[in-house]
Each structure stands twice: as structure tokens, then as C-alpha cells.
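Following: one structure in C-alpha cells, then a few remarks.
The numbers here are math on the coordinates, done by the rules we state, and not lab data. Bear in mind the structure is a predicted one, so any value in this text is a computation, not a measurement. Cβ: placed from backbone, ideal geometry, glycine included. Neighbour counts: every protein chain shown.
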Amino acid sequence: VVDADFFLFQPKPTYRMAQGGWGGTDLRKEGQNHPNGVLFQYMVNQMDEGEEITLEIRELDDDLIQTFSNKKKGRQALSADKGGNRFIWEMRYPGLTEFPGMIFYSSTNRGPKAPPGKYKAVMTMKGKSVSQEFEIIADPRLETTPAQYQEQFDYLLKVRYEV
């Protein structure tokens, strides 16, 4: 790790839970809750100015889910600071392809959440890649079966593509 230009650590298993706040008094401010997503931690030891670093989230069969980069601006940009960095993937597939004039009433353009299972992350920089497998675990408070998670996911993908 010390001698590598960069390194992606293996993420801990992450629970697929619905988290969020409703405003008002927030008792959760007495510490830090685990983020609502898969936490990726990585080191950047040597990076040239203008260099791109990417993080691909993939299914185990290598199908691409999403790609994140330090070149992309906004909330989903990767940081590429020298030393330790972290990135939180919200466990979501891409939303609809947006176009000028597209209107969402009281809705955000977020894709469906990944069903529980195993996935892999591939970090690439300078033509070199490091990959790590990780797992999304079902919320233990729910009685949802793996088949039900998959059925919900398949339905949401179908709706996304037929709009």
C-alpha cells in the first residue's frame, strides 16, 4: 500500500437500509452514523496534476453499474487528495437519461437500489486497476426474501427503461 500510486481497501459488508431524517430535533448529532451506502476508502500516494482516477461499481458478472471520477463535478465526484480518501456509493443504479426540458414533479431522478448480494469495485489510475469485492446485506428487520428484492429491482428497471 505504501509503495503503490493508489490503493482501494475492501469495503465492509453494508446493510441495505432506508435511512433519512425528517427534520426537527435530530438526536443523531451525538456521534456519526454509518453513511447510507457502501463506504469505499482508498489511498492516493502519487498522482500527477490533471490525472483521472475512476471507481467503477460492477456486478460480479462484470456488468457495469456506475462509474465515478475525480473529473466529474458535484456530489458524486471522487476526491483524489494525497493520502486517505473516502467515497459513499448510495447503492443505486443510474436513473433515467435526462434531456433538456425534462420535468420531475416532487421526484428525484434516482435509479433503483441494488438488491442484496455481492458486487465488485474497480479503481483505475495510470492504466492500473485494483478491484475489491463487497457485499450488500438485506436489512435484518425486514422479512423481504431475496426473490422479492430481485422482483422489485427487475420491476424498477423495467419501469425506468419503458418511460
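Based on the mean of other beta carbon atoms within 10 Å per residue, what is the order of 85-94, 40-49, most packed first? Don't skip to the end; give the middle numbers.
Numbers: 85-94: 17.2, 40-49: 15.1.
For the peptides 85-94, 40-49, the packing ranking is 85-94, 40-49.
Give me a comma-separated list of calculated 3J(HN,Hα) values for the stretch 54-66, in order, Karplus coefficients 6.51, -1.76, 1.60 applied at θ = phi - 60°, integers in Hz, x for any Gly or Pro.
Using θ = phi - 60°, the values come out as 10, 10, 9, 9, 10, 6, 5, 7, 6, 5, 6, 9, 8 Hz.
Using the Karplus curve 6.51 cos²θ - 1.76 cosθ + 1.60 with θ = phi - 60°, what ³J(HN,Hα) values do you get for each residue of the stretch 4-13, in whole Hz, with x for Gly and Pro?
7, 5, 7, 8, 9, 7, 6, x, 6, x
Which of the residue pairs K12/K71; K73/K113; K72/K113 have a Cα-Cα distance greater than 24 Å in the structure shown?
Check vs 24 Å cut-off fails for K12/K71.
Kindly identify the stretch 38-158 as rounded, prolate or oblate by the Cα gyration tensor criterion: order the square roots of the eigenvalues as a ≥ b ≥ c, call it rounded if a/c is under 1.5, otherwise compare a/b with b/c, prolate if a/b is larger, else oblate.
Verdict is oblate for the stretch 38-158.
Calculate the spin-label point distance for T144 paired with E52, positioning each point 7 Å from the Cα along the beta-carbon direction, and give it in nanometres.
It works out to 3.4 nm between the two label points.
Just to verify a number: FRET efficiency for S79 and D3, C-beta to C-beta distance, R0 = 30 Å, to 0.05?
0.90
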